[in-house]
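The values are calculated or read from the model by the stated rules, or taken from the named source; none is laboratory data. From a predicted model like this one, the values you see are computed outputs, not experimental measurements. Cβ atoms come from the backbone with ideal geometry, glycine included; neighbour counts cover every protein chain shown.
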Amino acid sequence: MTSSVSAPVSDVDLFAPDVLADPYAAYRELRDTAPAVRLSTYPIWVLTRYEDVRAGLADWQSFTSAQGVALTDEMNAPMLGGVLATDPPEHDVLRSVLSEKLAPRVLARLRADIAQRADALVAQVVARGSFDAVTELAQPLPVDVVADLIGLPLAGREKLLPGADATFASFGPLDERMQARMPVFMDYLGYMQSVSDPSVLAPGSWGAAVFDAVDAGRIPAETAGPLLTAYLVAGMDTTVAAIAAYTRHLAEDPELFATLKADPSLIASGFEEALRIESPVLGFFRNTTRDVDVSGVVVPAGSRVLLSNASANRDERHYADPDRFDVRRNPLDHLAFGYATHGCAGQGLARIEAQSLIGSLLRRVDRIELAGDPGRHEHPVVRGLESLPLTVVPAGQG
Amino acid sequence: MQVHADRDRCEGHGLCADVAPEVYELDDDAVVVLRHDQVPAELERKAEAGARVCPVAALRVLP
């Protein structure tokens with residue numbers, strides 16, 4: 001690679017276990033090195049500053065998704081033509097099938113039902129006094145809610161979380177860690193194919209609507225499977241990670257807990273801050289269609305580029321004191337959901353799920369504490385916890 | 001100052017109206033509507049803030 005002798009190069013390995021365990025020092029180093037940095041460890045460039053990542057996400061003409069948004073060609077190939085891996089105008093037709101179901105005005109009708117489910121779940125774990133907030137609190141709600149909305153049969157739902165986890169992992173390096181996930185990934189591909197069938201999806205469901213769109217001639221038949229895949233992957237481990245991260249802050253910071261309990265109107269702002277400071281999706285890849293000037297550094301045409309949402313959200317050039325959780329910051333311009341063309345279509349649903357769960361937790365407990373060290377789940381693309389052991393004092397019993 | 005709202009791109013996330021209800025509202029179909037053709041000077045900062053948080057980049061402040 002001799003594209004430019006002056007191109008800033010870094011030897012940081014963004015997928016090394018110690019970096020994945022705590023990537024923020026590496027991100028800071030990259031941000032301070034240059035607006036765009038070429039890595040020696042993988043054949044990619046990385047953008048880490050807020051304004052550059054945001055501009056890159058908005059500029060689909062220069063940073064195309066149509067060659068896939070994963071690190072490797074092998075794993076880009078199967079996603080081509082899907083909603084994540086297309087540009088306008090093809091992308092917009094596919095997205096409209098999802099976004100008409102995920103539009104907040106439609107979701108508003110689901111809010112009461114989701115709040116009720118969340119409250120029942122919280123009541124159940126709080127009654128036990130101690131529980132794991134990842135496996136028993138953060139995981140069940142998104143899986144149940146999304147599976148019902150897609151219209152999936154009950155049998156097989158246990159595949160959703162590990163399957164989504166493995167699918168997102170396939171966006172990262174095709175190394176021995178991905179090889180270890182390959183059986184789950186392959187199994188999930190089979191599962192997704194088996195439910196890509198209008199006869200197994202509940203009538204009136206989001207899944208059924210995808211096939212209705214095919215029947216109506218809105219989208220080509222071959223896009224139905226990939227669109228269903230988007231539903232089956234996007235809103236599982238990502239949402240779980242965000243809810244767990246928020247819950248962890250509540251458990252580790254009694255002052256934050258007290259502030260939110262006294263003023264639940266801050267729950268929404270707190271969720272945005274949790275997303276900012278622990279962005280579940282670390283970043284996706286793009287490919288440059290031309291030489292692109294990124295704040296003075298030229299990224300050559302044909303480069304694969306990581307747009308680091310998680311680094312952008314910690315950029316001190318944009319957020320004052322970025323490593324501090326400030327419940328009143330309300331950073332609605334964060335890039336945890338991406339931005340622009342491929343901005344998360346389901347972000348409204350994620351907000352309802354998280355706000356409902358945290359709202360119930362705050363109502364139903366007076367105190368919340370870590371009962372052990374939280375366990376990090378090693379993953380190349382989605383940053384989340386494996387376990388979060390908590391003890392709680394139920395409201396009115398403290 | 002003027003704001004351009006791309007109503008085709010708007011998905012009704014409503015963050016603009018949360019941040020700057022004096023500038024943006026959602027119509028009955030939850031598509032963004034501008035309250036002013038010309039943003040009053042005292043609302044310019046709010047208009048910018050509201051445009052900035054649009055998750056799908058449907059709002060653009062015109063110089």
Any idea how many residues of the stretch A:22-43 are in a loop (DSSP other than H, G, I, E, B) and more than 23 Å from the chain's Cα centre (by Cα)?
5
Check A:VAL106, A:VAL53, A:VAL46, A:VAL83 and return the single one that is over 20 Å from the mean Cα position of the chain (by Cα) and aliphatic (A, V, I, L, M).
A:VAL106
Restricting to the stretch B:1-13, what's the tally of residues that are surrounded by fewer than 22 Cβ atoms within 10 Å (Cβ to Cβ), under 12 Å from B:ALA51 (Cα atoms) and within 14 Å of chain A (Cβ to nearest Cβ)?
1
Here the residues within the stretch A:109-130 that are closer than 21 Å to A:VAL210 by Cα and within 14 Å of another protein chain (Cβ to nearest Cβ) are A:ARG109
Tell me yes or no: at least one residue of the stretch B:27-42 is acidic (Asp, Glu), more than 11 Å from chain A (Cβ to nearest Cβ) and either touching a residue at least 40 places away in the same chain (Cβ under 8 Å) or touching a Cys at 6+ places or on another chain (Cβ under 8 Å) (or both).
no
Could you check the stretch A:347-394 and list, in sequence order, the residues that are under 16 Å from the mean Cα position of the chain (by Cα), more than 14 Å from chain B (Cβ to nearest Cβ), hydrophobic (A, V, I, L, M, F, W, C) and not in a loop (DSSP other than H, G, I, E, B)?
A:ALA354, A:VAL382, A:LEU385
Kindly check whether there is at least one residue in the stretch B:43-52 that is within 22 Å of A:GLU100 (Cα to Cα), modelled with pLDDT of 95 or more and within 13 Å of chain A (Cβ to nearest Cβ).
yes
So which residues in the stretch A:264-312 are farther than 16 Å from A:TYR246 by Cα and without any contact (Cβ under 8 Å) to a residue 12 or more places away in the chain?
A:ASP291, A:ASP293
For A:ASP237, indicate whether it is surrounded by fewer than 19 Cβ atoms within 10 Å (Cβ to Cβ) and of a type in the set (D, E, K, R).
no
Condition first: free of Cβ contacts under 8 Å to residues at least 24 places away in the same chain and within 18 Å of the chain's Cα centre (by Cα). Can you find one or more residues in the stretch A:58-73 that meet it?
no
I'd like to check which strands (runs of 3 or more DSSP E) are fully inside the stretch A:261-344 and have at least 3 residues that are buried (at least 21 other Cβ atoms within 10 Å of the Cβ).
A:284-288, A:304-307
Which ones in the stretch A:134-172 are of a type in the set (Asp, Glu) and in contact (Cβ under 8 Å) with a residue 60 or more places away in the chain?
A:ASP165
